[in-house]
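Notes to accompany the following structure.
The values are calculated or read from the model by the stated rules, or taken from the named source; none is laboratory data. Quantities reported herein were computed from a predicted structural model and do not represent experimental measurements. Here Cβ is always computed from backbone atoms with ideal geometry, including for glycine, and neighbour counts include all displayed protein chains. Please note that ligands, DNA and RNA were not included when accessible areas were found on the heavy atoms of the full protein model with its side chains. Shrake-Rupley method; radii C 1.70, N 1.55, O 1.52, S 1.80 Å.
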Amino acid sequence: MSKKLYIEPQNPLTGEATLPGDKSISHRALLLNAIATGSATIKGIFLSKDVRSTMTALQTLGTKIFFNQDGTLQVEADSFREPKYPLDCGNSGTTFRILLGILATEPFHSTLFGDQSLCERPMGRLTSPLRKFGVQVDGRDGGNKPPISLRGIEQMPFFSYEMPMASAQVKTALMLMGLRGNGAHILGGKNSRDHTERMLQRMGAKIDVSGGDVRIWPSNIRAIDMDVPGDFSSAAFLIIAALIVPESHIQLRNVNLNPTRTGFLNVLLRMGAHIEIENERNNSGEPVGDIRVRYSELKATEVTPKEVPALIDEIPLFAVAALFAEGESKVFGAKELRYKESDRIRAISHTLIAMGASIVEREDGFSIRGAQTLMGAKVSSFHDHRIAMATAVAALRARSPTEIFDSDCIGISFPQFPWLVKKLGGEICHIGAK
Ligand code: S3P
């Protein structure tokens, strides 16, 4: 049975919250330790639906993953074996694309598939370089859409490759091919998240990063323990809720502040947001801190193409913030948003228009006039976790209640979202009916 979110607006959010472990780092803690030598203890990992897709696929390939009594997760690498079943990546593009890179150097047959949304997402961005370097790949739509089957090669030649888009998933897959093959030079990843590079450095890989380009040499990596910090992309929903609902002031503890993830903070500060970072420290190779946020009168701004990779997942939320900012806000160079779990430019525009806003959609972004009034509405989540939660945040500042259908998808990254909003004082509940 599909669930819906019900939101009553206007209650200020106050108090403090701790976010679940970062999704991108959780995936990588599993995937990189699974190809390393030894055993790793992972603290703070959050097994959202997406991360569970990675865990199950790795277990099918032979990795031993189990829970310790203290709640940490143990990952024990073993050589991979040909999977007896197709690997189900669920809704997770990160699982699918990084696994393609790992399996490219495994000389056996494997098939990867996913849910309805994942089966519509473009995979040619990886299957075409894979083919170019000698991997046998086949799949739907000429290998661009899942299901995709491949037979990897043990001796991946050295390669130099310029990515047509700044994707951290593609970059990671290519890095792992170079690491486990004969090295690689990967260009075009500027400003995309660099968790893989940081983790590989700690694991002893020979890697050189300059201006977003990565040079990697064949290396044996050793397993490392990790303490996964809170997810900035999940924190962003609470940050916007506090910024747009008058009288709110909240503190979010232990959030990942990697600069390749926090581009949204820079944009919000430019808009006049009252945001303070406290208690900055380093944990497992990642910058971490606490974030204090107060309701703010926001000013409009423009997001430029160069900024987009470091805030790609937060752009639907930028649309929500822009509705309440003085002036006209614009986003340019964000066409990649159309290839996420839903077409996020279309989904957020349709949703906010249904709530009474006016938005001008463009192929690579949108324009939004600020100081708008939102009405509650009955809207769809587009089966996309980030659209469901961005809509719920907008609903907190609407004039009347909102219902968001098919909201189970928030389990992909942040199932605690309604509970945390409620704990901070928001009026929200998850109802288990159609
Ligand atoms: C991710 C990279 C980004 C991001 C996604 C997670 C990652 O996707 O949107 O949510 O963990 O590497 P792209 O690589 O497609 O930009």
Subset of segment 255-284 that is open to solvent by 20 Å² or more (accessible area, probe 1.4 Å) and in contact (Cβ under 8 Å) with a residue 60 or more places away in the chain - its residue that is farthest from PRO229 (Cα to Cα): THR260
Cβ pairs under 8 Å, 6+ apart, first in segment 194-208 and touching a residue at least 60 places away in the same chain (Cβ under 8 Å) and farther than 11 Å from GLU286 by Cα, second of a type in the set (D, E, K, R) and away from the ligand (no atom under 16 Å from the Cβ): MET203/ARG222
Scope segment 153-176; condition farther than 21 Å from ASP313 by Cβ, open to solvent by 10 Å² or more (accessible area, probe 1.4 Å) and either touching a Leu at 6+ places or on another chain (Cβ under 9 Å) or within 12 Å of the ligand (Cβ to nearest atom) (or both); matching residues: SER160, TYR161, GLU162
Single unsatisfied condition, GLU8 versus (1) within 26 Å of ARG397 (Cβ to Cβ); (2) more than 16 Å from the ligand (Cβ to nearest atom); (3) open to solvent by 10 Å² or more (accessible area, probe 1.4 Å); (4) in contact with a Lys or Arg (Cβ under 9 Å, 6 or more places away or on another chain): (4)
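Identify all residues within segment 189-201 that are surrounded by 17 or more Cβ atoms within 10 Å (Cβ to Cβ), modelled with pLDDT of 95 or more and either in a helix (DSSP H, G or I) or of a type in the set (Gly, Ala, Ser) (or both); write none if there are none. Outline the logic, then answer.
From segment 189-201, those surrounded by 17 or more Cβ atoms within 10 Å (Cβ to Cβ) are 189, 191-200; that's our starting set.
Add one more test, that the residue is modelled with pLDDT of 95 or more, and what stays is 192-200.
Those that are surrounded by 17 or more Cβ atoms within 10 Å (Cβ to Cβ), modelled with pLDDT of 95 or more and either in a helix (DSSP H, G or I) or of a type in the set (Gly, Ala, Ser) (or both): SER192, HIS195, THR196, GLU197, ARG198, MET199, LEU200.
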One residue from SER342, SER296 being part of a loop (DSSP other than H, G, I, E, B) and within 17 Å of the chain's Cα centre (by Cα): SER342
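Under 21 Å from ASN254 (Cα atoms), buried (at least 21 other Cβ atoms within 10 Å of the Cβ) and of a type in the set (A, V, I, L, M): which single residue out of LEU99, LEU13, LEU58, LEU112 fits that description? Don't jump to the end; show me each part of the working.
Values: LEU99 fails: under 21 Å from ASN254 (Cα atoms); LEU58 fails: under 21 Å from ASN254 (Cα atoms); LEU112 fails: under 21 Å from ASN254 (Cα atoms).
None of the other options fit; the residue is LEU13.
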